[in-house]
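My questions will all concern the structure given below.
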Amino acid sequence: MDSMLEEMATKLKNYFRRDERLKSLNGKLKRLKDQLAEIEYKLENTDIHLPEESLSISYEERVQGGHSVSGFAEKATIRIIKRLEERQAWYKSEIAYLEEKIDDINLDNGYIEDNIGMLEKGDYEFLKKKYGEDWTDERLGMKYGITHQAATDRKNKLLQNVANWEIWQSHDR
């Protein structure tokens, strides 16, 4: 199967499983946003907890024999803040990625909704079984009384048909 058909197969899976797929992505997005808000609160309010050993004054800090003028607690605080900032950047990146993915799925689903509505009822059911219920080509062949190869050919023909409609619609934009 060429890449265009594979891409369309993925879009059809997302279309037929959109509710569970979007619920999963939105749940993950909410958890990431909650964790990001917690990190941002800690950074804004400097709400960090130093390890117990960082709070006691060590002999080196009392003597200050080196070039460093900052204490261990200060260094530990800086390290913790730096890690929080790194996590904050990672969460923002993940959130942007998930929001883009959700938008792409919603956009693709709109086009597929239009395209799939033009199919015959039997073709729609065939695609729904294949991509919505994850039936194998062999199982589809048995259900529709055709060979495994004929089921694969029908699937590829329908994928090509839906993909061509998407290409045709993209030229109208």
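Evaluate the following for Gly66: is it modelled with pLDDT under 95, not in a helix (DSSP H, G or I) and not basic (Lys, Arg)?
Here the answer is yes, as Gly66 does meet what is asked.
I need a count of the residues in the stretch 131-159 that are among the aromatic types (Phe, Trp, Tyr) and either under 12 Å from Ala9 (Cβ atoms) or buried (at least 17 other Cβ atoms within 10 Å of the Cβ) (or both).
Narrowing the stretch 131-159 to residues among the aromatic types (Phe, Trp, Tyr): 131, 135, 144.
After this cut, where a residue has to be either under 12 Å from Ala9 (Cβ atoms) or buried (at least 17 other Cβ atoms within 10 Å of the Cβ) (or both) as well, the list is 131, 135.
The total comes to 2.
A further question follows. Considering only the stretch 150-159, state which residues are free of Cβ contacts under 8 Å to residues at least 60 places away in the same chain and in contact with a helix residue (DSSP H, G or I) (Cβ under 8 Å, 6 or more places away or on another chain). Walk me through it before giving the result.
Residues of the stretch 150-159 free of Cβ contacts under 8 Å to residues at least 60 places away in the same chain: 150-155, 157-158.
Of everything in the stretch 150-159, those that are free of Cβ contacts under 8 Å to residues at least 60 places away in the same chain and in contact with a helix residue (DSSP H, G or I) (Cβ under 8 Å, 6 or more places away or on another chain) turn out to be Ala150, Ala151, Thr152, Arg154, Lys155, Leu158.
The values are calculated or read from the model by the stated rules, or taken from the named source; none is laboratory data. Bear in mind that the values here come from a model prediction, so they are computed numbers and not experimental data. Positions of Cβ are backbone-derived with ideal geometry, glycine not excepted, and every protein chain shown enters the neighbour counts.
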